[in-house]
Amino acid sequence: MSSYVGRFAPSPTGPLHAGSLVAALASYLDARAHDGRWLLRIEDLDPPRELPGAAEAIIADLARLGFEADAPVLFQSTRHAAYEEEFERLRHAGLVYPCACSRREIADSQVGPEPRAEPVYPGTCRAGLPAGRAARSWRLRLDAEPVAWADRPAGWEQGRPQLTVLAREVGDFVVRRADGPWAYQLAVVVDDAWQGITDIVRGADLVASTARQIHLRRLLGYPAIRTLHVPVVLANDGQKLSKQTGAGPISAADPVPALAAALAHLGIQVPESGTLGQFWRHAISRWRASDWAQGAD
Ligand code: GLU
């Protein structure tokens, strides 16, 4: 029996589309190719960004496409007590502090020649909230230690060792908004550990979060998790295909061509003409024999 546990963790901001299908498929094939379990987690932590009905639509589409989860779907909206408990552990250890800065103030404090996509937090509130200011968020207190990590061999930079100095590249990052909501980084780490995930397989658009998540996992004393980041699907203008760039929903009514196209994006060709059952059999055996499968138990 394999110890492998994988997951697909979409945010319900829109229906499943060609880009999210690639991430779903890669995570599923990797789990099946390693005789592992595969879990589905709906990351519904940010209601203003969510589309009513999207979670149900994603779950129904995945089922029609032949994805079979090995446990009931986990909704992050049911997990607030767990995030609270883990947040309190960080707080008691003095690892988080309240911060009053707005996005605007952080962006304005950048000294580099060009504004960065994600500005580095300059540490303004590290030594305490400025007088008269209220907390807007809680931030994790980083040290200068680099995070050493590597993707599995076929993933990011062919699995070459990476060193990420979070304090320089990101700065103390937000784990909770002061008005309640949990940051993705904290929730994802708590749930990956709680669900016993051994392998995260997801789009390379999330690679920048990896070092943050490893660091949080270590602080919370969780086991390490392997990662495999697969290329994201780009729209014609070179932007990442996403609900925000208007990616259309995939046709779950005619599943095999949609699945075959997602797999072709990862360099694996299978016939488009067969049944759904044939697709999955081919796809799992091709994945198992491919470089993608390397580096997991
Ligand atoms: N919920 C995140 C998203 O849809 C993905 C989380 C993850 O795979 O770590 O972008």
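For the chain, carbon and sulfur atoms together expose 54% of the accessible surface, with a 1.4 angstrom probe and every protein chain in place. For region 5-115, a simple Cβ point-charge model (Lys and Arg +1, Asp and Glu -1, everything else neutral) yields a dipole of about 80 debye relative to the Cα centre.
Positive end of the dipole of the chain (Cβ unit charges, origin at the Cα centre): among Leu74, Thr164, Leu276, the Cα lying farthest that way belongs to Thr164.
Give me the accessible area per residue for the chain, probe 1.4 Å, as a whole number in Å². Working shown, then result.
Numbers: 14150 Å² over 297 residues.
Accessible area per residue: 48 Å².
Rounded to the nearest 10 degrees, the inclination of helix 80-92 to the longest alpha-carbon principal axis of the chain is 40 degrees. Taking 25 °C and 0.890 mPa s as conditions, region 132-213 diffuses translationally at an estimated 171 µm²/s according to Stokes-Einstein applied to its Kirkwood radius (Cα pairs).
DSSP loop (so not H, G, I, E, B), at most 11 other Cβ within 10 Å: list which GluC sites (Glu not before Pro) in region 1-81 pass both filters.
When the GluC sites (Glu not before Pro) of region 1-81 are filtered for loop state and at most 11 Cβ neighbours within 10 Å, Glu68 remain.
For the options Ala57, Ala93, Ala261, a Gaussian network treatment of the chain with springs between C-alpha atoms closer than 10 Å singles out Ala93 as fluctuating the most.
Calculate, in nm to one decimal, what Ala107 and Ala253 gain on full extension: separation in residues at 0.36 nm each, minus their alpha carbon distance. Intermediate results must be reported in sequence, preceding the final value.
Numbers: separation 146, 0.36 × 146 = 52.56 nm, distance 4.53 nm.
Residue separation times 0.36 nm, minus the Cα-Cα distance, leaves 48.0 nm.
Can you show me the helix-derived [θ] at 222 nm for the chain, built from DSSP H runs with n ≥ 4 at -39,500 (n - 2.57) apiece and divided by the number of residues, rounded to the nearest 500.
Working: 9 runs with 99 residues, N = 297.
Mean residue ellipticity at 222 nm (helix-derived): -10000 deg cm²/dmol.
For the chain, the list of Cys residues with no other Cys C-beta under 4.7 Å reads Cys101.
Can you give the local net charge around Asp35? Use residues other than it whose beta-carbon is closer than 15 angstrom to its beta-carbon, Lys and Arg +1, Asp and Glu -1. It would help to have the intermediate numbers written out before the result.
Values: positive: Arg32, Arg37, Arg281, Arg288; negative: Asp30, Glu68, Asp70, Asp199, Asp297.
Around Asp35, the charge tally is -1.
Relative to the longest principal axis of the Cα atoms of the chain, helix 255-265 runs at roughly 60 degrees.
Show me the trypsin sites (Lys or Arg not before Pro) within region 116-146 that DSSP assigns to loop and that have at most 16 other Cβ atoms within 10 Å of their Cβ. Mind dumping the intermediate values first?
Details: sites: Arg116, Arg126, Arg133, Arg136, Arg139, Arg141; in loops: Arg116, Arg126, Arg133, Arg136, Arg141.
Filter output for region 116-146: Arg116, Arg126, Arg133, Arg141.
For the chain, what log10 I(q)/I(0) values come out of the Debye formula at q = 0.07, 0.09, 0.14, 0.16 1/Å, with one point per alpha carbon and no solvent? With no solvent term, the Cα-only Debye profile gives -0.28, -0.47, -1.11, -1.40.
A simple spin-label model places the labels of Ala131 and Ala264 6.7 nm from each other, with each point 7 Å out along Cα-to-Cβ. To the nearest 10 degrees, how steeply does helix 276-289 sit against the main Cα axis of the chain, on a 0 to 90 scale? Roughly 60 degrees between the two axes. Only the Cβ atoms of Lys and Arg (+1) and of Asp and Glu (-1) were treated as charged; on that basis the dipole of region 134-256 about its Cα centre amounts to roughly 320 debye. For Ala293, neighbours were defined as the other residues whose beta-carbon sits under 15 Å from its Cβ, and their charges (Lys and Arg +1, Asp and Glu -1) total -1. In this Cβ point-charge picture (+1 for Lys and Arg, -1 for Asp and Glu), region 169-217 has a dipole of about 80 debye about its Cα centre.
Note on Thr198: accessible area is roughly 30 Å² with a 1.4 Å probe, heavy atoms of protein only.
Pairs of Cα atoms nearer than 8 Å and 6+ residues apart set the relative contact order; for the chain it is 25 percent.
The values are calculated or read from the model by the stated rules, or taken from the named source; none is laboratory data. Since this is a predicted model, take the numbers as computed values, not measurements. Reconstructed Cβ throughout: ideal geometry from the backbone, glycine too, with neighbour counts over all protein chains shown. The accessibility values were calculated without ligands, DNA or RNA, using every heavy atom of the protein model including side chains. Shrake-Rupley method; radii C 1.70, N 1.55, O 1.52, S 1.80 Å.
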